[in-house]
Amino acid sequence: SVTHIGDWAFSECESLQQITILNSVTHIGDYAFSDCSSLQQINIPNSVTHIGDYAFSCCKSLQQITIPNSVTHIGHNPFYECENLKHIDCQSTKYTFHYNALYTSDGKAIISYIGNDDCFTIPNSVTHIGDSAFWGCKSLQQITIPNSVTHIGDYAFSWCESLQQVKIPDSVTHIGDWAFSECESLQ
């Protein structure tokens, strides 16, 4: 009958290695599993619609997580300092997480990409590139922004030291502060 995992519910449970969330749960609160440094696996059921701010922050043993299509809200930095997190499966497409999310027109979040690849194409469903979405992606040399994007957030591509060229489509109506700061290779 549990539907809500509250803020800080399992925070600092340093020996917790695995947790199964019941299919009745719809809400994972802020910092709910933060500092669970031994947590290696977590299964998020299709019932969950909300993942709070810093929900899994500092889960240093977490390597992989699947976010179901039911999730419509992903809070600020939910995987902050998850240093061993290799990838997140989200909406049937594999992305790697870093800072904030990309959003589709219906408000659904798509996790942003940070990896070792030198190029990345943002899906056509994305309308909003969040603040710091690609911050510090040092290997990224090329990015394709589709015509669906209308908003590029603050620091969105800052410190992308290898980024050489970006074509901003006419659909973009807002480019945030320092969106391309410290992009030393940008021509």
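The values are calculated or read from the model by the stated rules, or taken from the named source; none is laboratory data. Fair warning: this is a prediction, and the values are worked out from it, not measured in the lab. Reconstructed Cβ throughout: ideal geometry from the backbone, glycine too, with neighbour counts over all protein chains shown. Just the protein is used for accessible areas: all its heavy atoms, side chains included, with ligands, DNA and RNA removed. Shrake-Rupley method; radii C 1.70, N 1.55, O 1.52, S 1.80 Å.
One table, with the values for the structure above:
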| item | result |
| --- | --- |
| Solvent exposure of the stretch 1-72 as accessible area per residue, Å², 1.4 Å probe | 48 Å² |
| Protection proxy ranking, peptides 164-172, 63-71, 130-138, 51-59, average beta carbon neighbours within 10 Å, highest first | 51-59, 130-138, 63-71, 164-172 |
| Cα-derived Rg to Rh of the stretch 123-187, Kirkwood definition | 0.94 |
| Built amide H within the under 5 Å cut-off of Q41, gap 5+ | I19 |
